[in-house]
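First up is the structure itself, then whatever we jot down about it.
The values are calculated or read from the model by the stated rules, or taken from the named source; none is laboratory data. This structure is a prediction, so every number in the text was calculated from the model and none was measured. Neighbour counts are summed over all protein chains in view; Cβ atoms, including those assigned to glycine, are modelled from backbone coordinates with ideal geometry.
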Amino acid sequence: MSSRPASPRNAALPTPLDTRIEIETPEGIDMLLRPAGLVSRALAFGIDFAIRAALIGVFFVLLQLFDKLGMGLAALVFFLLNWWYMVLFEVLNQGRTPGKRLLGLRVVHDDGTPIDWSSSLIRNLLRFVDMLPLGYGLGAITCLNHPLFKRLGDLAAGTLVIYSDRPVARPTLPQAEPVMVPFALHLDEQRAVLGLAERQGELSSARTQELAAILAEPLRIPADTAVAHVNGIARNLLGPT
């Protein structure tokens, strides 16, 4: 008797491709970090390189007016911009150089805490090793073969380049006086009330009234004034703005 082929329903599903990592803080809060890949990191570095090149060019032109003193100062500026540009921005600007900021990236420790002076110095000192043999070849190979897209400098310093969480704008609700219901609302009921109040700008009046009427019974409010009551309850749930 031939064996039946496994049905697609019972077949093992492939593991979804997800590079996010979950970290638990000492306070017991779970944080999700999204490591940045090679392309976004390369673009951020390109922006920072262009900024440094422009600054060095401007300083060299200006310092040429001071003859030998200008040459010494130009060498000092070249050293500072090459060695300290990345470090100062990473430590003093929440792990973000101008290039990383434009790409929505930042550098943190492996545990998600802000980068410090020693870690930033280590990862940037080893940048010259990552550049070998040419054009960041070694760094690119390491980054592509590491599950968290780390280059050698990150491995040595215990750092990680991640996508910054963009602040979420607080939803706007229709103007209404807060209304308190005389009983506790379940979580799904709270979500339904807030969802309807937040989406009213996208819905027609008839559709808004229809959805509010559905909520009238569980909320124990009159159906003919359901929209106003829902807006008031949502305002009470969200609190003062």
Would you confirm whether or not the range 94-106 contains a residue that is in a strand (DSSP E or B), under 25 Å from Ser164 (Cβ atoms) and either among the hydroxyl-bearing types (Ser, Thr, Tyr) or in contact with a strand residue (DSSP E or B) (Cβ under 9 Å, 6 or more places away or on another chain) (or both)? yes
Please state which of the following conditions Gly104 fails to meet, knowing it meets all the rest: (1) free of Cβ contacts under 8 Å to residues at least 40 places away in the same chain; (2) surrounded by 15 or more Cβ atoms within 10 Å (Cβ to Cβ); (3) on the phi > 0 side of the Ramachandran plot. (1)
From Asp30, Asp67, which residue is acidic (Asp, Glu), in contact with an Asp or Glu (Cβ under 8 Å, 6 or more places away or on another chain) and farther than 23 Å from Leu125 by Cα? Asp30
Checking Ala53 against (1) over 26 Å from the mean Cα position of the chain (by Cα); (2) surrounded by 12 or more Cβ atoms within 10 Å (Cβ to Cβ); (3) at pLDDT 90 or above, which test does it fail? (2)
Could we say that Leu138 is part of a loop (DSSP other than H, G, I, E, B), within 13 Å of Gly153 (Cβ to Cβ), of a type in the set (A, V, I, L, M) and in the same structural domain as Asn82 (by TED's automatic domain parsing) here? no
Lone unmet requirement of (1) modelled with pLDDT of 90 or more; (2) among the hydrophobic types (A, V, I, L, M, F, W, C); (3) more than 38 Å from the chain's Cα centre (by Cα) for Phe66: (1)
Between a residue in the range 121-140 that is more than 22 Å from Phe89 (Cβ to Cβ) and any residue that is β-branched (Val, Ile, Thr), which pairs come within a Cβ distance under 8 Å, given they are 6 or more apart or on different chains? Leu138/Val129
When Asp110 is run through (1) under 19 Å from Leu33 (Cα atoms); (2) modelled with pLDDT of 95 or more, the failure sits at (2)
Provide a single number: the residues in the range 156-205 that are touching a Gly at 6+ places or on another chain (Cβ under 6 Å) and closer than 30 Å to Pro35 by Cβ. 2
